[in-house]
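Each remark here refers to the structure printed beneath this line.
The values are calculated or read from the model by the stated rules, or taken from the named source; none is laboratory data. For clarity, every value in this text was computed on a predicted model and none was experimentally measured. Cβ atoms come from the backbone with ideal geometry, glycine included; neighbour counts cover every protein chain shown.
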Amino acid sequence: MSIPITIPAFTVEGGALIASPNSELRRQVLSRLNGRCRPVQQALGGADALAKLEQGGWQVLFLDRRLPDLDAEELIAVIGRRFPGIQVVLLDSDAREPDCHENDERKEDAPPRVRPTMQERRKTADTLPPLPGMIGTSDAMQQVYRLVRLVAARPTTVLITGPTGTGKELVAQAVHALSPRSSKPFVVVNCAAIPEGLLESELFGFTRGAFTGAVQSQLGRIPAAHGGTLFLDEVSELPLGMQAKLLRFLEQKEVQRLGTCELTRVDVRVIVASNVDLNACAARREFRQDLYYRLAAFPIELPALAARRGDIVPLAEHFLACMAAAMQMRSPRLGGEAIRLLESHPWEGNVRELQHVMERASILVEDDEIIEAEHLYFPHRHGSLSSLKNEKAAS
């Protein structure tokens, strides 16, 4: 089907990139250019377009508004910051020609009309859907969703930061799930949970007889993640000696198992997480500065739950629904006073604390249909919020 498009005139200074999942649209843009640009390349989505733009030499990007992976408006804003000299032509491929003979109603069988517009770089007002396994529509989380969708399709190393209990592993899982590696392994290593003497053998593997007790060879966590994603949680806990070996792996993409001199090539995308400021650790010489710069290629910072209060009730209701489903029971509702107390609590333990509070409330509510204030219990405050409130009023 022919898609009527118009290509604006411009001076030939560089190449053109056509980004669209629609092969017919790409073909027609290519034919309309008629040799005016050299070179001309095609991209199937937003992440693919970003990767090609980094090669340099581009004058104009023809961008389909309907991308399969990224929000076009947000992508345009990123391009404006990183590649300010590139002209962006936005192709509105979902527009239709009005039928003036039918009281301006849209004809369902009319071919799409593609209207190229010179995009004024503006922030989209549309709300992005949450990432897989995540809840919340606050502005802080919208930024996280955008960054994850931008980087997921790339092999770039990602550093996820934020307070304990904010869901850093969920974000890492989302990056993996939205990436081309989603069908491959997602291997998690908690760097704080493995004794220092075992870290090297756990990460790189070992051969039989490599050390006392090595009765059989073992594949390390890094080789086990071949083709997929390696997630290093609490990476700040790595000893300095292991940091040097991790840096070498990141640069060479090779591992050497204990007990052998052979090097094995490994294709792994690395995501790391930390609840402390790695840059500050590097300044104190507690973390290698060269490793920090290598890991911080694409940082994503998760907000504390107190900074996204609009997400507290949806998260609480989600946890209640999941617990009820696991027990094959009806999910209780949150009462008005309970909601008010949840929204005013400081949540120093973040999302993880909220999950535990709601688990206890789902037990205390028994067969009642509504969770009240007295069902909310915060162990570190030695009692429920309602009892604390009563004590304060009595005093």
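Things worth noting here:
- A single entry from Leu376, Leu305 fulfils the requirement of being modelled with pLDDT of 90 or more and within 23 Å of the chain's Cα centre (by Cα): Leu305.
- Looking only at region 136-178, residues that are touching a helix residue (DSSP H, G or I) at 6+ places or on another chain (Cβ under 9 Å) and part of a loop (DSSP other than H, G, I, E, B) come to 14 in all.
- Restricting region 258-302 to residues that are loosely packed, with under 13 Cβ neighbours inside 10 Å and hydrophobic (A, V, I, L, M, F, W, C) leaves a set whose member that is nearest to Leu203 (Cα to Cα) is Leu263.
Okay, residues lined up against (1) without any contact (Cβ under 8 Å) to a residue 12 or more places away in the chain; (2) assigned by TED's automatic domain parsing to the domain that holds Leu170; (3) in a helix (DSSP H, G or I):
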{"residue": "Ala273", "(1), (2), (3)": "no, yes, no"}
{"residue": "Asn279", "(1), (2), (3)": "no, yes, yes"}
{"residue": "Ala282", "(1), (2), (3)": "yes, yes, yes"}
{"residue": "Asp311", "(1), (2), (3)": "no, no, yes"}
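- Residue within region 258-271 that is in the same structural domain as Glu359 (by TED's automatic domain parsing), on the phi > 0 side of the Ramachandran plot and modelled with pLDDT under 90 present: no
- Only one of Arg149, Arg154 that is crowded, with 21+ Cβ neighbours inside 10 Å, in the same structural domain as Asp267 (by TED's automatic domain parsing) and not aromatic (Phe, Trp, Tyr): Arg149
- Verdict on Ala326 being at pLDDT 90 or above and among the small types (Gly, Ala, Ser): no
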